[in-house]
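As structure tokens, the structure follows; a few thoughts come after it.
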Amino acid sequence: MSDHRPQRVRVERRPVSESESRHANGPDWDRYADEYQSTHGEFLGDIGFVWGPEGLTEEEAGVLGDVRDRDVLEVGSGAGQCSRWVRTQGGRAVGLDLSHRQLQHSRRIDLETGVVVPSVRGTATALPFADGSFDVVFSSFGALQFVSDLDRAVAETARVLRPGGRYAFSITHPTRWMFPDHPGEEGLTATQSYWDRRPYVEIDDASGEVSYVEHHRTLGDWVRVLADHGFTITDLLEPTWPEGHDRVWGGWSEVRGRFTPGTAIFGARRGPAGV
Ligand SMILES: C[S@@+](CC[C@H](N)C(=O)[O-])C[C@H]1O[C@@H](n2cnc3c(N)ncnc32)[C@H](O)[C@@H]1O
């Protein structure tokens, strides 16, 4: 599922612990951050909230609801583009990311735009905030598919959210894991089991160490983990590929986007329905 291959690696599908995932993905995002921002920064917009490669914006989707005067946390905030947009809408957004280099880009854009996103280095599985600190927590392709201990990450989100608070996140659409991660025609033929939850693992040829990990869960797994932590699901968006949008992002492309969803966006609320 990777959209980058920074060094010579061997690919495996096998279980990986939370600490192994973190110790691989932090340095991987540090190495990749400059290329990620120079390749995708313009599409993301310095002050812009897109939910994924289809280009669906939060302004169009409205998954977070009105963020004005809300305390908002972005987990896996990268260079903080989404949080910066939230700030321009009157929300008090803060960012958290595992990668120091991504956060340096965030700081660079803060200074360039004058819209500052206070940010902290940390992991989704141990949020450094008091219980009930936020009205909204979100991730745009941030963190969740990079953690092994998803249960802990969702528990942490529930802990820092106030009752009734909103939770929204985008991930690679789980059905994409059935296909080769290729933007062309060969990415349209199912070759892998949808139910194979073994993570995608890159192992660095030179060191023999795990250098990058992505974790796969089925749609049912996502529903279950949200329900287990007291969330009510309010939305599941599967953005269509816009007519004439010819940008390729890793395995996302017009060729595949015409047939299969590439992104899933979950919206949820902390607490029972109707409360
Ligand atoms: C695909 S980028 C998305 C960043 C940003 N939301 C965007 O749209 O550009 C994924 C981000 O998740 C971060 N990340 C990976 N594992 C994480 C973890 N365990 N906790 C917090 N952030 C993590 C990476 O450092 C990276 O910045």
| field | chymotrypsin sites (Phe, Trp or Tyr not before Pro) restricted to region 151-217 and DSSP loop, no more than 16 other C-beta within 10 Å | value | TYR194, TRP195
| query | Taking the chain as a Gaussian network, Cα atoms linked when under 10 Å apart, which of VAL136, VAL75, VAL154 shows the biggest mean-square fluctuation? | reply | VAL154
| query | Amide H to amide H under 5 Å from VAL94: which residues, 5+ apart in sequence or cross-chain, H placed 1.01 Å off N in plane? | reply | VAL72, LEU73, GLU74
| Which residue, SER21, SER193, SER139, has the most motion in a Gaussian network model of the chain that connects Cα atoms within less than 10 Å? | SER193
| Looking at the square roots a ≥ b ≥ c of the eigenvalues of the Cα gyration tensor of region 213-275, which shape do they give, rounded for a/c under 1.5, prolate if a/b is larger than b/c, or oblate? | prolate
| task | Calculate, for MET178 and THR234, the FRET efficiency according to 1/(1 + (r/R0)^6) with r their C-beta to C-beta distance and R0 25 Å; round to the nearest 0.05. | result | 0.40
| field | Computed magnitude of the charge dipole of region 9-270 (debye, nearest 20; Cβ of K, R +1, Cβ of D, E -1) | value | 720 debye
| query | Radius of gyration and Dmax for region 33-107's Cα atoms, expressed in Å? | reply | 11.9, 34
| Over the chain: helical MRE at 222 nm, DSSP H runs n ≥ 4 each giving -39500 (n - 2.57), nearest 500 | -8500 deg cm²/dmol
| Over its Cα atoms, what ratio of radius of gyration to 2.2 N^0.38 Å does the chain give? | 0.95
| message | Of the candidates GLY244, GLY76, GLY55, which one comes out as most mobile in a Gaussian network treatment of the chain with C-alpha springs shorter than 10 Å? | response | GLY244
| Sorting ARG101, ARG68 on the 10 Å Cβ count, fewest up front, what's the list? | ARG68, ARG101
| note | Here FRET efficiency (C-beta to C-beta, GLU20 to THR260, R₀ 30 Å, nearest 0.05) is 0.50
| message | Over the Cα atoms of region 75-233, what radius of gyration and what Dmax do you get, in Å? | response | 17.2, 49
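We did not get these values from a lab; they are worked out from the coordinates using the rules stated. Computed from a prediction, not measured in an experiment: that's the story for all the values here. Positions of Cβ are generated from backbone atoms using ideal geometry, with glycine treated the same way; all protein chains shown enter the neighbour counts.
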